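Just below is one structure, and these are the notes that go with it.
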Amino acid sequence: MQEISWNPHIFALSFFFESNKQAYMANTHTPLDIRRSRRRGEDIATLLLTACGVLSILTTLGIVFVLGREALKFFSSPEVTVIGFFTGTRWAPEGGLFGIAPLVTATLTTSVIAMCVAIPIGLAAAVFLSEYATPRAARLLKPALELLAGVPTVVYGYFALTFVTPLLRSLLGQENVEVYNMLSAGLVMGVMIVPLVGSISEDALSAVPRSLREASLGLGATKLETTFRVVVPAALSGIIAGVIIGISRAVGETMIVSLAAGAGPNLTLNPLVGAETMTGHIARISGGDLSYESIDYTSLFAVGMMLFAITLTLNLISRYFVRRFREAY
């Protein structure tokens, strides 16, 4: 009979496996608790965020309710008709004239002038910061660009009135440019909106994957061709969203147009003359002595509802373009 030799290493291994087997068999009879442990800080943060979201929704609904209620009082007046409100060419509630066209025309004129300034300058700044500037230059120039957004709008308004208007009158003739005009207000408003358009567009351009740039350059495209044929189309949804947000900002601007565009509704497309915008009219009339529940008082809410409808339409258009042109990587 063959004798089995003693091997201490084999004995140690067998003892190790046997002990682990007994531990494994013991653990299999104990169910594991995989429930998520309570995190009090996370629960509090979730509750606060939910409360903020609900509060913002309730605030928006409250604004719509107040505007709608007061605007309904305006349209229920016997001297006001919905057709006359949208098609009339004169706005003078104290005289029984309720055509909102002069206010809307002035608002759109100043907004178009502002976007003609903000879009090219803002996009050029965004392209430079995203594609051409060195990291150090971008860190210095982007805060300097966004500094314009921190200037109070009343300062912009006085700048338009005391500097831009005299400059326009010296260039185009004092007989051609009125002291209060839509051109100076629109130009300065465009300068104010440049940081908004530029910052959002720069963020959209920076979000484009670097692999697209490298692939384009690897195929022989120049830096300029890569920027405008690859990067800009890839970031088009974000750029369009920034532009539409800038338009909404221009439509809702108050202090610049109140100080520089003029007081008094005027149905004209000539930017060299003065005309009152919707926001300027609300600011001017609400500061006077208005009796509560009067036709002049309720007309302000009708103008506010019209302004709300315009900005809401612009936001819906922005959401459509974001969904339509959004690129997923």
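Rule-based calculations on the coordinates, nothing more; no lab input. The shown structure was predicted, so the numbers you read here are calculated from the model rather than taken from an experiment. Here the Cβ is made from the backbone with ideal geometry for all residues, glycine too, and neighbour counts use every protein chain on show.
Listed values, structure above:
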| quantity | calculated |
| --- | --- |
| Furthest towards positive pole of dipole, G238, V177, V154, structure part the range 82-325, Cβ charges | G238 |
| Folded to 0 to 90 degrees: helix 295-325 orientation relative to the chain principal axis, Cα | 40 |
| Highest-fluctuation residue, L108, L55, L145 considered, GNM on the chain with Cα pairs under 10 Å | L55 |
| Full-stretch length increase - A144, L61 - with 0.36 nm per residue and alpha-carbon distance subtracted | 26.2 nm |
| Simple Cβ-charge dipole of the chain, Lys/Arg +1 and Asp/Glu -1, about Cα centre, in debye nearest 20 | 760 |
| Given 16 as the ceiling on other Cβ atoms within 10 Å, longest exposed-site-free region of the chain for trypsin sites (Lys or Arg not before Pro) in DSSP loops | 91-325 |
| Angle between the chain longest axis and helix 236-251 axis [Cα atoms, degrees, rounded to 10] | 40 |
| For the chain, built as a Gaussian network whose Cα springs stay under 10 Å, the top-fluctuating residue of E79, E276, E42 | E42 |
| Between helix 101-127 and the chain: long-axis angle, C-alpha atoms, 0 to 90°, nearest 10 | 40 |
| Label assignment, semi-axes √(5λ) of the Cα gyration tensor in Å derived from the structure, set [x] 29, 25, 20; [y] 32, 21, 19; [z] 62, 31, 17 | [z] |
